[in-house]
Amino acid sequence: MSEKEWPLWEVFIRSKQGLDHKHCGSLHAPDAKMAIQMARDVYTRRSEGVSIWVVPSAAIAASDPDDHESFVEPMADKIYRHPTFYRLPDDLEHM
Amino acid sequence: MYTQSMDLPGQVLLAGDSPEEQRFQARVDADAKIEPRDWMPEAYRRTLQRQISQHAHSEVVGMYPEGNWITRAPTLKRKAILIAKVQDEAGHGLYLYSAAETLGQSRDQMMAALNSGKAKYSSIFNYPTLTWADVGAIGWLVDGAAIMNQIPLCRCSYGPYARAMIRVCKEESFHQRQGYDIMLALARGTPEQKAMAQDALERWWWPCLMMFGPSDKDSTHSAQSMKWKIKRVSNDDLRQKFVDVTVPQAELLGLRVPDPELKWNAERGHYDFGAIDWNEFRRVVDGDGPCNRERLAARVAAYEQGRWAREAALAYAQKKARRETA
């Protein structure tokens, strides 16, 4: 019979209470419950995580790298958004 | 290495010179990482598909020689350690299959290529594990050689491969140290145990040197991979480095490296060593090593015997999903 592949899931791990969940990889699993169980075995064998999220890969929408120029680069010339843009007197304190 | 057959003739994929390729090469030259959705030359994609899947297959087949000793480990401690190590290898295979999938080949395609005997994996796993000392020798030498190869791969230009390698390298050090620990226990044990360790070193030494792949002068594929920063150190340089660090480790064990030509060369600052039997290497890579058939048969059997479980899990998930929407 023709095989049907298990769906792909993206795995996000919170390494420590208080930190963000961070993408750490992907795996195939039949459903969310098994995806979490497998993520535990694949990605946290040495206590790398205290919490796991799994998301169907197909549910992720992503920006297009080919749009880089029009999408991300306009932010690069707005240097006034950074605190270091402002030259203030040296004797100014607490700022 | 785990992907040594990448360097055999017939694997060469030449880069083109289009404006896109020039832009791509400029990014690679600037040490920028290439990510799955970025434009990449077809030859770069195919090279990586082959390399990463071969690497993944090696991790998976690599479980068999060691798995052979899980039921016969000498103590409960050794058994627990060996199970953890073999489980790590399965994990490494999974990280790598995931990385390979980002290049557009499915897991099923890769599994089918492995099970049909079409895909290559490292020659080293086609040698038998005859005694418990072989488990020590594999950890010490095979994983030691793997670390040497995988550390530069952490800086590979392809992001998902580099990230998988970082995770693998973090775990690999345990593998090598537990192997050396086994060798140490045997080398300090009874004369029979020491002889067993010596015998394992003698059988694994040369196959381990072959792991680094053909000599640079015969490695047709290397230059392009270096230019793309998929590969960052040459086969011969890695092999030399392996010999240089491993010989003193053997001396510390009081074991003899089976190479009469092995000699420190003060002028070069390296060990000189004897010629590798490349005919044996070719034979094993081409499917005629001591255990090629056995490994493949075990792999296919595991895949076929697991089929019902994969299908049942999927059917259950689908049934549950139907009920939830109903």
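Of A:36, A:47, A:11, which is farthest towards the positive pole of region A:1-74's charge dipole, taken about the Cα centre with +1 and -1 on the beta-carbons of Lys, Arg and Asp, Glu respectively?
A:47
Return the sequence-ordered ³J(HN,Hα) values of region B:148-158 in whole Hz as given by the Karplus equation 6.51 cos²θ - 1.76 cosθ + 1.60 applied to θ = phi - 60°, using x for Gly and Pro.
4, 7, 7, 4, x, 5, 4, 9, 4, 5, 8
At residue B:169 and residue A:21, where each label point lies 7 Å from the Cα along Cα→Cβ, what is the point-to-point distance in nanometres?
A separation of 2.9 nm, rounded to one decimal place.
Counting other Cβ atoms within 10 Å, which GluC sites (Glu not before Pro) in region B:244-326 have at most 13 and lie in a DSSP loop?
B:261, B:267
Stokes-Einstein at 25 °C, 0.890 mPa s, Kirkwood radius from Cα pairs: D for region B:1-155 in µm² s⁻¹?
Approximately 142 µm²/s, per Stokes-Einstein.
Report, as an integer, the average count of C-beta atoms from other chains found within 10 Å of each Cβ along A:31-42.
Rounded to a whole number, the mean comes out at 2.
In percent, what relative contact order does region B:251-326 have, based on Cα pairs under 8 Å that are 6 or more apart in sequence?
Reported as a whole number, the value is 12 percent.
With θ taken as phi - 60° and the coefficients 6.51, -1.76 and 1.60, list the Karplus ³J(HN,Hα) couplings across region A:60-67 in order, rounded to whole Hz; mark glycine and proline as x.
For region A:60-67, the Karplus-derived couplings read 8, 9, 10, 5, 9, x, 5, 8 Hz, x marking Gly and Pro.
Straight distance only, please: which lysines reach the Cα of residue B:229 with their own Cα at less than 28 Å, same-chain residues fewer than 8 apart left out?
Leaving aside lysines fewer than 8 places away in the same chain, those within reach of residue B:229 are A:22, B:33, B:118, B:120, B:170, B:217, B:241.
Hey, what do the phi angles of region A:75-89 turn into as Karplus ³J(HN,Hα) couplings, whole Hz, using 6.51/-1.76/1.60 and θ = phi - 60°, x for Gly and Pro?
6, 5, 8, 9, 5, 5, 7, 9, x, 5, 5, 9, 7, 10, x
How shielded is A:23-30 by partner chains, expressed as the average number of their Cβ atoms within 10 Å of its Cβ atoms?
6
Please go through region A:36-74 and write out the trypsin sites (Lys or Arg not before Pro) that DSSP classes as loop and that have at most 16 other C-beta atoms within 10 Å.
Counting only loop positions with at most 16 other Cβ atoms within 10 Å, the trypsin sites (Lys or Arg not before Pro) in region A:36-74 are A:45, A:46.
At q = 0.10, 0.15 Å⁻¹, what is the base-10 log of I(q)/I(0) for chain A according to the Debye formula with one equal point scatterer per Cα and no solvent? Please give it to two decimals.
Taken in order of the listed q values, log10 I(q)/I(0) reads -0.52, -0.78.
Kindly express, to the nearest 10 degrees and within the range 0 to 90, the angle between helix A:32-43's C-alpha long axis and the longest C-alpha principal axis of chain A.
Once rounded, one gets 70 degrees.
Roughly what would the spin-label model give for residue B:80 and residue B:315, points 7 Å off Cα along C-beta, in nm?
Result: 3.9 nm between the two label points.
Given Cα pairs under 8 Å that are at least 6 residues apart, what percent is the relative contact order of region A:8-81?
34
At a Förster distance of 35 Å, what's the computed FRET efficiency of residue A:67 paired with residue A:14, Cβ-Cβ distance as r, to 0.05?
That pair, residue A:67 with residue A:14, gives E of 0.70.
In nm, what is the difference between 0.36 nm times the number of residues separating residue B:181 and residue B:270 and their Cα-Cα distance?
Full extension of this stretch gives 29.4 nm more.
What are the chymotrypsin sites (Phe, Trp or Tyr not before Pro) within region A:54-95 that DSSP puts in a loop, where the Cβ has at most 13 other Cβ atoms within 10 Å?
A:86
Can you give me the P(r) profile for the protein assembly as shown? Cα pairs, bins 20 angstrom wide beginning at 0, each as a whole percent.
Spelled out bin by bin, the protein assembly as shown gives 23, 52, 21, 4 percent.
Where a number appears in this text, it was derived from the coordinates with a stated rule and is not lab data. All figures in this text were calculated on a predicted structure; none of them were measured in a lab. FYI the Cβ positions are ideal-geometry reconstructions off the backbone, even for glycines, and counts take in every protein chain you see.
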